[in-house]
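Laboratory data are not the source of any read-out in this text; all were calculated from the coordinates shown. Predicted model only: the values in this text are computed from it and were never measured. All Cβ positions, glycine included, derive from the backbone under ideal geometry; neighbour counts span all protein chains shown.
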Number of protein chains: 2
Amino acid sequence: MKELHDAIKTFGRGLGKDVVKVDMFLNHRIDTQLLSQMGKAFAEEFRDERPTLIMTVEASGIAIAVAAAMEMGHLPVVFAKKSENKVQTGDVASAPVYSFTHKKEYNIRVEKRYVPRGSRVLIIDDFLADGKAVEGMMQLCEQLDSQVVGIGIAVEKGFQPGGQQLRARGIHLKSLAIVTGIEDGKILLQDD
Amino acid sequence: MKELHDAIKTFGRGLGKDVVKVDMFLNHRIDTQLLSQMGKAFAEEFRDERPTLIMTVEASGIAIAVAAAMEMGHLPVVFAKKSENKVQTGDVASAPVYSFTHKKEYNIRVEKRYVPRGSRVLIIDDFLADGKAVEGMMQLCEQLDSQVVGIGIAVEKGFQPGGQQLRARGIHLKSLAIVTGIEDGKILLQDD
């Protein structure tokens with residue numbers, strides 16, 4: 001997506017070999033004009049999948065999920081909450097997610113009452129790297145007897161395996177920008 | 001605001017004497033139709049204050065701040081991040097916030113580069129109770145050499161002192177719903 005590519009080229013910062021910082025427009029300061037354009041792009045991509053609900057995980061996925069939901073006839077958004085502790089009750093779906101960034105496992109959870117059985121879920125998140133957060137949300141959807149009809153990502157790290165694995169499984173995945181590498185602080189992007 | 005009142009009456013749950021749960025439409029599942037209406041209400045209320053930036057705090061303030069920003073000509077949103085540790089560098093504004101819910105102090109921080117000096121800041125948050133989070137954001141704005149031109153809140157707990165204290169200081173505060181109390185699980189609301 002051109003506007004996101006431009007923003008990454010202008011404001012993105014690459015740290016070391018694998019850290020992509022987009023704090024200027026997505027993860028700390030939010031450019032809401034760009035956000036609406038991203039929402040429109042997801043709406044076009046996934047309209048034919050007829051999602052009934054958008055799922056994301058707090059905190060930085062919320063803004064993008066909301067923008068997409070607004071462009072798709074104001075779908076409901078459910079954001080999974082992070083917690084240190086395992087939650088085990090019949091009312092809550094939960095799944096472990098290993099964070100390579102923080103080198104620890106945490107849990108994500110959704111109260112079952114907020115996702116009707118048989119929902120057609122579009123998963124939206126800001127980043128896709130190793131795919132652990134998306135994998136966790138897919139596990140939640142299984143526990144919620146709901147179907148993942150698509151996965152929309154703002155920035156995919158193409159040099160990490162998450163995206164490739166999801167595509168190999170035939171899942172409808174759309175990343176608005178794919179980072180192919182970082183060289184001397186410069187973020188390299190795959191052509192649209 | 002009628003639509004928010006209706007949602008609170010229909011889906012809100014009161015726990016004990018002071019816990020107001022709005023997980024069904026705001027804090028876990030988000031009703032994005034209602035969210036847009038709330039954004040419009042804030043835009044009408046604060047347009048004449050000519051804000052140049054909206055500030056909130058992660059995680060549940062983000063959706064409302066984004067909705068308001070979209071209705072106000074796509075203003076930028078900056079969300080303060082929570083951290084356990086004090087951050088003390090010249091590049092970061094930070095302030096302590098005491099949480100009565102969790103009975104501990106945490107810190108909120110904003111990277112200074114994301115809020116230009118002289119910004120006219122509209123603070124948006126989901127809840128106002130004792131006012132500690134808003135107070136923390138006002139401290140950030142002072143460190144950022146920026147002016148708070150208004151405070152927009154979704155749900156104010158009118159039986160706690162935050163709102164009264166802010167109004168007494170002459171601050172332009174608008175709460176879309178004011179809870180006056182909880183009786184037997186029922187949430188009581190101040191008339192619009």
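Worth pointing out:
- Gain upon complete extension [A:Gln139, A:Lys21; 0.36 nm per residue less C-alpha separation]: 39.7 nm
- Across the copies of the chain, B:Gly90 has label points (7 Å from Cα along Cα→Cβ) spaced 6.1 nm apart, shortest distance listed first.
- Relative to its Kirkwood radius, the Cα radius of gyration of the protein assembly as shown gives an Rg/Rh of 0.95.
- The dipole here belongs to the protein assembly as shown: it is taken about the Cα centre, uses +1 on the Cβ of Lys and Arg and -1 on the Cβ of Asp and Glu, and is about 600 debye.
- For the stretch B:42-179, the ratio of Cα radius of gyration to the globular rule of thumb 2.2 N^0.38 Å stands at 0.97.
- Restriction of the trypsin sites (Lys or Arg not before Pro) in the stretch A:1-96 to DSSP coil positions whose beta-carbon has at most 10 other beta-carbons within 10 angstrom yields A:Lys17.
- Peptide-level mean, for B:110-123, of C-beta atoms on other protein chains within 10 Å: 1
- Here A:Arg167, A:Arg117 are placed in order of increasing Cβ neighbour count within 10 Å, fewest first, which gives A:Arg117, A:Arg167.
- Rounded to the nearest 20 debye, dipole of chain B from Cβ charges on Lys, Arg, Asp, Glu: 400
- Here the residues B:Ile124, A:Ile30, ranked from fewest to most Cβ neighbours within 10 Å of their Cβ, fall in the order A:Ile30, B:Ile124.
- Cβ-based exposure ranking for A:Leu122, B:Leu53, in which fewest neighbours within 10 Å come first: B:Leu53, A:Leu122
- Filter on A:Lys82/B:Lys157; A:Lys104/B:Lys17; A:Lys17/B:Lys103 - keep pairs with C-alpha separation over 28 Å: A:Lys104/B:Lys17; A:Lys17/B:Lys103
- Separation between Cα centres of the stretch A:144-158 and the stretch B:169-192, rounded to whole Å: 38
- Helix A:2-11 and the longest principal axis of the C-alpha atoms of chain A enclose an angle of approximately 60°.
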